[in-house]
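Student: Before anything else, here's the structure in question.
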Amino acid sequence: MAPDTGRAPAGPEDPGPENPGHDDSGQKDPLAADGVTRIACLAVDKPMPLDCGRSLGPIEIAYTTFGRLNAARSNAILICHALTGDQHVLGTHPVTGKPGWWETLVGPGRAIDTDRYFLICSNILGGCMGSTGPAGIDPATGRIWGTDFPVVTIADMVRAQALLIDHLGIKRLFAVVGGSMGGMQVLQWAASLPDRLFAAVPIATAARHSAQNIAFHEVGRQAIMADPDWHHGRYAEHGSRPVKGLAVARMTAHITYLSEMALHNKFGRRLQDRGARSYGFDADFQVESYLRHQGSTFVDRFDANSYLYITRAMDYFDLAADHGGVLAHAFRGSRVRFCVISFSSDWLFPTAESRAVARAIAAVAGNVSFTEIETDRGHDAFLLDEPVFARIVEGFLDGAAGHAGIDRT
Amino acid sequence: MGPGVIRDAHGYPALRPDLDLIAGMVEPQVRVLDIGCGDGVLLHYLDREKGCDGRGIEISQQGVQESVARGLSVIQGDADHDLDFFPDDAFDVVVLSQTLQATRRPDMVIRNLVRIGRRAIVSFPNFGHWRCRAHLLIRGRMPRTRGLPYAWYDTPNIHLCTITDFVRSCAHAGVRIETSLALDSRGRVVRRNAPDGYANLIGEIGMFVLTRDRV
């Protein structure tokens, strides 16, 4: 089972090699039950090299699976989560008690149909829901990693996911699907492991993190590091947590996930639980109250150092720079079928960024579909019930499945 | 492949006659780009019947959605903005069916067509058709016909031309006309391989196969 909270760095339920949830039983049936968090122990024999020059191993990755792998092992879809998501794409989240983060899109009979496809959703390297990350123990010192944890990149996360896919005995994924940072992973998969996936669905994402996005992330990181409870990242040893800084980081980020129209429609200038202004600094406005709530619930499930590392990984992401400055080179010779999707009111990852990805793939005569979904709900639209979006994903996967020879069940 | 068939052997609706004509000009197994592909019906036909490797560009979200749902690869975009990014000779055939008149720079589009495709199949409503001429001559108003049903102020057709205009533009751009057809509004051929004044008078639709001029 999953660790009970994201913040307990090495609690009693932290799954070790002897943990019954540990999945090293071979490849007979990695899918016995839907939605159960398993921990795969990877890079055991030899540490995995990281982009920063250091290496890491063994690596533990927490993951869930849904549906059934077919006999040909050809119907597996890897779902990549966003910055603050985790492996609980479906089903009740063990910490928050809320539904999975992509219940709108994923599940039996839904656009990504678990009756037809076998889904794998892993917590990323550097995450805090059971995967190796800064809240874990450095085997070399026996201490909590904290900021001694190596800086990881999107490509490192994808390397770890590829080890997980090896571990599950799957040679080639039918598709890799993800939004936002998950979409970055999708693009990285297609660029660095094109032979290991048939189709790719990068959603509300970009081939590089823009200066504006890095700027917002820096505000969040500075909020965490300015919190006296952060203790240079060694807060666990001090018995404290930088909850205030992390909450502010979340509040800032949350604004970027919405659109002005979405905020206006949801809150306007309405006051919260009062008839008149207080002429003070209480949360007079509903929007303030909402952000404070977002911040305070986030700290219950997320580790502050993980937030630092993951935002940094996104900042460093630049697929063109990794290919001589020409994005198209990242996709040269690729036979992957792409479906690039953006949302019209997303100002964090605007449509122009997705269009640039689609054009780069077209420039090497690649196989790409691209569409912009009309919505006023901003970046977060990819997590919300957007019927047109769901139909596009469903139609694309269905068409790709036909080309991949995956039968209907 | 006559236009009289309602459904084909697979139970799919028969192609619109002009698309059927285009489909007949495309060889099996080739790479095709359909610009303004709508719901992808031509690409789907070429994929299914001729094993072509098809791509599309379509401006409407709904068209892209329907195309993608058919398993086709379609980019939401338009001929003015999204052709520059395709490499030279990326396709064997590029199709621009009833779209040229809605582009901002048809001349640039034509150049791009023969750059990225070995051959280009272009069709457009012929403004030189006698009914258009009569409409303007007698009524003194912008023609509204079956092929050009919009009022002058809300039409997407911003660059209407005649068959003669088109032929001259091709010569100017160094584009060779391999085949020329004048069609009636139902897509039936009324004049073949003579892009002359007569075709310009009786054709409601001009359809051309273009290639780069041999130098």
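Student: Out of B:Asp165, B:Asp184, B:Asp154, which single residue is among the acidic types (Asp, Glu) and more than 18 Å from the chain's Cα centre (by Cα)? Explain how you work it out, then say what you get.
Tutor: Numbers: B:Asp165 fails: more than 18 Å from the chain's Cα centre (by Cα); B:Asp184 fails: more than 18 Å from the chain's Cα centre (by Cα).
Among B:Asp165, B:Asp184, B:Asp154, only B:Asp154 is among the acidic types (Asp, Glu) and more than 18 Å from the chain's Cα centre (by Cα).
Student: Mind listing just one residue for me: the one in the stretch B:152-188 that is open to solvent by 40 Å² or more (accessible area, probe 1.4 Å) and small (Gly, Ala, Ser) and, of those, nearest to B:Arg104 (Cα to Cα)?
Tutor: Checked the stretch B:152-188; the qualifying residue nearest to B:Arg104 (Cα to Cα) is B:Ser169.
Student: Would you confirm whether any residue within the stretch B:192-208 is in contact (Cβ under 8 Å) with a residue 24 or more places away in the chain, open to solvent by 80 Å² or more (accessible area, probe 1.4 Å) and either polar (S, T, N, Q) or more than 26 Å from B:Gly56 (Cα to Cα) (or both)?
Tutor: Checked the stretch B:192-208: no residue is in contact (Cβ under 8 Å) with a residue 24 or more places away in the chain, open to solvent by 80 Å² or more (accessible area, probe 1.4 Å) and either polar (S, T, N, Q) or more than 26 Å from B:Gly56 (Cα to Cα) (or both).
Student: Now for a separate question. State which residue is nearest to the other protein chains (Cβ to nearest Cβ) when the search covers only the stretch A:324-335 and only residues that are of a type outside the set (Lys, Arg) and surrounded by fewer than 22 Cβ atoms within 10 Å (Cβ to Cβ).
Tutor: Here is the first cut: in the stretch A:324-335, the ones of a type outside the set (Lys, Arg) are A:324-331, A:333-334.
Still in the list and also surrounded by fewer than 22 Cβ atoms within 10 Å (Cβ to Cβ): A:324-326, A:328-329, A:333-334.
Working: A:Gly324: 17, A:Gly325: 16, A:Val326: 12, A:Ala328: 8, A:His329: 13, A:Gly333: 13, A:Ser334: 13 Å.
Applying the filter and picking the extreme gives A:Ala328.
Student: Is it the case that A:Ile406 is under 19 Å from A:Met184 (Cβ atoms), touching a strand residue (DSSP E or B) at 6+ places or on another chain (Cβ under 7 Å) and either open to solvent by less than 30 Å² (accessible area, probe 1.4 Å) or more than 7 Å from every other protein chain (Cβ to nearest Cβ) (or both)?
Tutor: Details: under 19 Å from A:Met184 (Cβ atoms): no; touching a strand residue (DSSP E or B) at 6+ places or on another chain (Cβ under 7 Å): yes; either open to solvent by less than 30 Å² (accessible area, probe 1.4 Å) or more than 7 Å from every other protein chain (Cβ to nearest Cβ) (or both): yes.
Spelling it out, it is not the case that A:Ile406 is under 19 Å from A:Met184 (Cβ atoms), touching a strand residue (DSSP E or B) at 6+ places or on another chain (Cβ under 7 Å) and either open to solvent by less than 30 Å² (accessible area, probe 1.4 Å) or more than 7 Å from every other protein chain (Cβ to nearest Cβ) (or both).
Student: Follow-up question, since we're still on this one. Would you call A:Phe174 within 30 Å of A:Gly402 (Cβ to Cβ), at pLDDT 95 or above, open to solvent by 10 Å² or more (accessible area, probe 1.4 Å) and not aliphatic (A, V, I, L, M)? First the steps, then the outcome.
Tutor: Values: within 30 Å of A:Gly402 (Cβ to Cβ): yes; at pLDDT 95 or above: yes; open to solvent by 10 Å² or more (accessible area, probe 1.4 Å): no; not aliphatic (A, V, I, L, M): yes.
It is false that A:Phe174 is within 30 Å of A:Gly402 (Cβ to Cβ), at pLDDT 95 or above, open to solvent by 10 Å² or more (accessible area, probe 1.4 Å) and not aliphatic (A, V, I, L, M).
Student: Let me ask another. Among the candidates A:Val388, A:Val393, A:Val368, single out the residue that is part of a strand (DSSP E or B) and at the interface with chain B (Cβ under 10 Å from one of its Cβ atoms). Let's see the steps before the verdict.
Tutor: Values: A:Val388 fails: part of a strand (DSSP E or B); A:Val393 fails: part of a strand (DSSP E or B).
Checking each option against the conditions leaves just A:Val368.
Student: Report yes if A:Ala381 is more than 9 Å from chain B (Cβ to nearest Cβ) and either open to solvent by 40 Å² or more (accessible area, probe 1.4 Å) or assigned to a helix (DSSP H, G or I) (or both), otherwise no. Before you say what the answer is, go through the steps one by one.
Tutor: Values: more than 9 Å from chain B (Cβ to nearest Cβ): yes; either open to solvent by 40 Å² or more (accessible area, probe 1.4 Å) or assigned to a helix (DSSP H, G or I) (or both): yes.
Spelling it out, A:Ala381 is indeed more than 9 Å from chain B (Cβ to nearest Cβ) and either open to solvent by 40 Å² or more (accessible area, probe 1.4 Å) or assigned to a helix (DSSP H, G or I) (or both).
Student: Let me ask you something else. Given the conditions (1) part of a helix (DSSP H, G or I); (2) over 20 Å from B:Gly36 (Cα atoms); (3) modelled with pLDDT of 95 or more, and given that A:Phe349 satisfies all but one, which numbered condition is not satisfied?
Tutor: Looking at each condition in turn, A:Phe349 falls short on (1).
Student: Residue by residue through the stretch A:341-365, note down the ones that are closer than 20 Å to A:Gly325 by Cβ, out of contact with any Pro (no Cβ under 9 Å at 6 or more places or on another chain) and either open to solvent by less than 10 Å² (accessible area, probe 1.4 Å) or at the interface with chain B (Cβ under 9 Å from one of its Cβ atoms) (or both).
Tutor: Of everything in the stretch A:341-365, those that are closer than 20 Å to A:Gly325 by Cβ, out of contact with any Pro (no Cβ under 9 Å at 6 or more places or on another chain) and either open to solvent by less than 10 Å² (accessible area, probe 1.4 Å) or at the interface with chain B (Cβ under 9 Å from one of its Cβ atoms) (or both) turn out to be A:Arg355, A:Ala358, A:Arg359, A:Ala360, A:Ile361.
Student: Next question, about the same structure. Out of all the residues in the stretch B:129-150, is one or more in contact with a helix residue (DSSP H, G or I) (Cβ under 6 Å, 6 or more places away or on another chain) and either at pLDDT 95 or above or not in a loop (DSSP other than H, G, I, E, B) (or both)?
Tutor: The answer is yes, given that some residue of the stretch B:129-150 is in contact with a helix residue (DSSP H, G or I) (Cβ under 6 Å, 6 or more places away or on another chain) and either at pLDDT 95 or above or not in a loop (DSSP other than H, G, I, E, B) (or both).
Student: Something else now. Taking strands (runs of 3 or more DSSP E) that do not extend beyond the stretch B:33-128, which have at least 1 residues that are over 21 Å from A:Arg355 (Cα atoms) and more than 14 Å from chain A (Cβ to nearest Cβ)? Reasoning before the result, please.
Tutor: On the way: elements: B:53-58, B:73-76, B:91-97, B:117-125.
In the stretch B:33-128, the matching strands (runs of 3 or more DSSP E) lie at B:91-97, B:117-125.
Student: Taking A:Gly136 as meeting all but one of (1) touching a strand residue (DSSP E or B) at 6+ places or on another chain (Cβ under 6 Å); (2) open to solvent by 10 Å² or more (accessible area, probe 1.4 Å); (3) of a type in the set (Gly, Ala, Ser), write down the number of the exception.
Tutor: It is condition (1) that A:Gly136 fails.
Student: Test each condition in (1) away from chain B (no Cβ under 13 Å); (2) farther than 17 Å from A:Cys80 by Cα; (3) buried (at least 18 other Cβ atoms within 10 Å of the Cβ) for A:Ala400 and report the one that comes out false.
Tutor: (1)
Student: Please work out which one of (1) part of a loop (DSSP other than H, G, I, E, B); (2) aromatic (Phe, Trp, Tyr); (3) within 14 Å of chain B (Cβ to nearest Cβ) is the condition A:Phe338 fails and give its number.
Tutor: (1)
Student: Going residue by residue through the stretch A:196-211, is there one that turns out to be without any contact (Cβ under 8 Å) to a residue 12 or more places away in the chain, assigned to a helix (DSSP H, G or I) and open to solvent by 60 Å² or more (accessible area, probe 1.4 Å)?
Tutor: Start the filter on the stretch A:196-211 by keeping residues that are without any contact (Cβ under 8 Å) to a residue 12 or more places away in the chain, which leaves A:211.
Adding the requirement that they be assigned to a helix (DSSP H, G or I) leaves A:211.
The next check asks that each one be open to solvent by 60 Å² or more (accessible area, probe 1.4 Å); those that pass are A:211.
Within the stretch A:196-211, one or more residues are without any contact (Cβ under 8 Å) to a residue 12 or more places away in the chain, assigned to a helix (DSSP H, G or I) and open to solvent by 60 Å² or more (accessible area, probe 1.4 Å).
Student: If you go through the stretch A:150-163 one residue at a time, how many are over 15 Å from the mean Cα position of the chain (by Cα) and crowded, with 23+ Cβ neighbours inside 10 Å?
Tutor: Number satisfying all stated conditions: 0.
Student: Restricting to the stretch A:67-89, and then to whatever is over 24 Å from A:Ala253 (Cβ atoms) and of a type in the set (A, V, I, L, M), can you tell me which residue is surrounded by the most Cβ atoms within 10 Å (Cβ to Cβ)? Spell out the reasoning first.
Tutor: The initial filter retains those residues of the stretch A:67-89 that are over 24 Å from A:Ala253 (Cβ atoms), namely A:67-78.
With of a type in the set (A, V, I, L, M) added as a condition, the list becomes A:69, A:71-72, A:76-78.
Numbers: A:Leu69: 21, A:Ala71: 7, A:Ala72: 10, A:Ala76: 27, A:Ile77: 26, A:Leu78: 29.
Among residues in the stretch A:67-89 that are over 24 Å from A:Ala253 (Cβ atoms) and of a type in the set (A, V, I, L, M), the one surrounded by the most Cβ atoms within 10 Å (Cβ to Cβ) is A:Leu78.
Student: With the structure loaded, tell me whether B:Asp20 is within 14 Å of another protein chain (Cβ to nearest Cβ) and either open to solvent by less than 30 Å² (accessible area, probe 1.4 Å) or not in a helix (DSSP H, G or I) (or both) or whether it fails that test. If you could, list the steps in order and put the result at the bottom.
Tutor: On the way: within 14 Å of another protein chain (Cβ to nearest Cβ): no; either open to solvent by less than 30 Å² (accessible area, probe 1.4 Å) or not in a helix (DSSP H, G or I) (or both): yes.
Considered against the rule, which asks whether it is within 14 Å of another protein chain (Cβ to nearest Cβ) and either open to solvent by less than 30 Å² (accessible area, probe 1.4 Å) or not in a helix (DSSP H, G or I) (or both), B:Asp20 comes out as no.
Student: When the stretch B:75-124 is examined, which residues are found to be open to solvent by less than 40 Å² (accessible area, probe 1.4 Å) and polar (S, T, N, Q)?
Tutor: B:Gln76, B:Ser97, B:Thr99, B:Gln101, B:Thr103, B:Asn112, B:Ser123
The values are calculated or read from the model by the stated rules, or taken from the named source; none is laboratory data. What you are looking at is a predicted structure, and each value in this text was computed from that prediction instead of being measured. Ideal geometry is used to build each Cβ from the backbone, glycine not excepted, and the neighbour counts take in all protein chains shown. We work out accessible area using only protein heavy atoms, side chains counted, and drop any ligands, DNA or RNA first. Shrake-Rupley method; radii C 1.70, N 1.55, O 1.52, S 1.80 Å.
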